[in-house]
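The values are calculated or read from the model by the stated rules, or taken from the named source; none is laboratory data. Quantities reported herein were computed from a predicted structural model and do not represent experimental measurements. Counting neighbours? That spans all protein chains shown, and the Cβs are built from the backbone with ideal geometry, glycine included. What goes into the accessible areas is simple: the full protein's heavy atoms, side chains included, and nothing from ligands, DNA or RNA. Shrake-Rupley method; radii C 1.70, N 1.55, O 1.52, S 1.80 Å.
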Amino acid sequence: MTGAPSADILLLRKMHPLIERSLGGRFTIHRLDEAPDGDALLREVGPRIRGLCAGGTVDAALMERLPALELIANFGVGYDAVDAGAAAARNVIVTNTPDVLTEEVADLAIGLVLATIRRLPQADRYLREGHWPKAPFPLTASLRGRRVGILGLGRIGRAIARRLEGFDVAIDYFGRSRQSGVDYTYHDTPVSLARAVHVLIVVAPGGPETKGLVGAEVLEALGPEGILVNVARGSVVDEAALIAALRAGTIHGAGLDVFENEPHVPADLAALENTVLLPHVGSASEHTRNAMAQLVVDNILSWFEGRGPITPVAETPWRPRA
Ligand code: 8YV
């Protein structure tokens with residue numbers, strides 16, 4: 001299609017304002033979460049929806065109701081909530097938002113590592129609650145002389161590793177295969193990685209392949225001085241096993257930006273003093289969310305103007321024209 005794009009686009013929920021603003025004038029927008037009866041909306045407009053703006057679950061059942069669907073533009077680099085295989089089987093393109101959030105999430109990961117080891121939120125609370133005049137804040141663990149493991153050396157994992165080089169720590173990693181171009185120490189299992197390091201940073205993508213990858217055995221291997229940091233997906237860590245390990249002193253502490261059942265966080269986890277818990281804010285700066293939103297818009301415009309998707313995911317059937 002050339003010239004001004006026009007198509008019916010379904011937004012699953014309220015999206016970043018830049019997305020709603022940019023698409024609003026050019027496409028016919030439908031908001032599923034605003035419809036008094038979602039089922040009725042899908043019955044009425046489902047057959048003419050050609051684009052879907054996603055930030056949540058898109059399964060085969062939903063796609064079934066959108067027979068003219070061409071493109072699912074996911075707001076986020078992780079697209080484990082989108083059934084990309086089912087999309088591919090229907091010849092539907094899926095795009096995500098890689099690169100634009102890499103450095104932001106890596107920054108956050110480093111912040112969370114330091115906050116967890118040096119107990120920064122706990123120290124802040126200590127001061128505010130007026131304990132300082134009575135006694136200094138208890139001494140903490142340290143990053144000095146430690147080995148740090150990265151579980152998943154993808155784009156974000158590498159950006160975290162690059163930052164860690166400046167912290168003068170040894171760096172190890174686990175991934176599906178050894179990577180060329182890095183001289184960090186490779187481990188072929190998560191247990192081997194956990195056994196070798198003091199700090200384990202989880203950056204592996206979510207989805208069935210990585211579900212529960214960090215379970216009791218890995219936590220046991222990380223050991224009583226170990227710190228677990230997860231900035232990937234809650235599903236990668238077995239939350240029940242983690243709570244048990246934190247309670248029993250099997251590991252020292254955990255810094256988590258992601259959880260199994262967001263936005264709900266188990267009270268058991270929140271009750272533990274040796275955790276730092278963040279409400280999934282890895283990419284949540286104005287700067288980076290604007291960039292992600294712009295990439296969602298650009299993918300949709302590019303597709304409906306006939307130029308193809310900009311950042312299609314691996315499973316997607318689309319190939320550039322020769
Ligand atoms: C966002 C993310 O929190 O990109 C991802 O995969 O998890 C985050 O950047 C999320 O996509 C916003 O809904």
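Considering region 185-249, the qualifying strands (runs of 3 or more DSSP E), each wholly inside and each with 3 or more residues that are within 21 Å of the chain's Cα centre (by Cα), run over 199-202, 227-230.
Do we have any residue at all in region 279-286 that's away from the ligand (no atom under 14 Å from the Cβ), in contact (Cβ under 8 Å) with a residue 60 or more places away in the chain and either open to solvent by less than 70 Å² (accessible area, probe 1.4 Å) or within 30 Å of Glu260 (Cβ to Cβ) (or both)? No, because not a single residue in region 279-286 is away from the ligand (no atom under 14 Å from the Cβ), in contact (Cβ under 8 Å) with a residue 60 or more places away in the chain and either open to solvent by less than 70 Å² (accessible area, probe 1.4 Å) or within 30 Å of Glu260 (Cβ to Cβ) (or both).
Could you list, in sequence order, the residues of region 250-278 that are surrounded by fewer than 15 Cβ atoms within 10 Å (Cβ to Cβ) and outside any helix (DSSP H, G or I)? Scanning region 250-278 gives Asn261, Glu262, Pro263, His264, Ala271, Glu273. Screening the candidates His252, His264 for the property of being away from the ligand (no atom under 15 Å from the Cβ), under 23 Å from Phe75 (Cβ atoms) and over 13 Å from the mean Cα position of the chain (by Cα) yields one hit, His264. Here's a check for you: in region 109-126, which residue that is within 16 Å of the ligand (Cβ to nearest atom) and in contact (Cβ under 8 Å) with a residue 60 or more places away in the chain is nearest to Glu70 (Cα to Cα)? Among those residues, the one meeting the criterion is Ala109. Only one entry in Ala106, Ala73, Ala54 is in the same structural domain as Arg163 (by TED's automatic domain parsing), surrounded by 17 or more Cβ atoms within 10 Å (Cβ to Cβ) and either within 12 Å of the ligand (Cβ to nearest atom) or under 26 Å from Pro279 (Cα atoms) (or both), namely Ala106. If you check Trp318 against the conditions, is it touching a Gly at 6+ places or on another chain (Cβ under 8 Å), away from the ligand (no atom under 16 Å from the Cβ) and part of a loop (DSSP other than H, G, I, E, B)? Yes: the conditions hold for Trp318.
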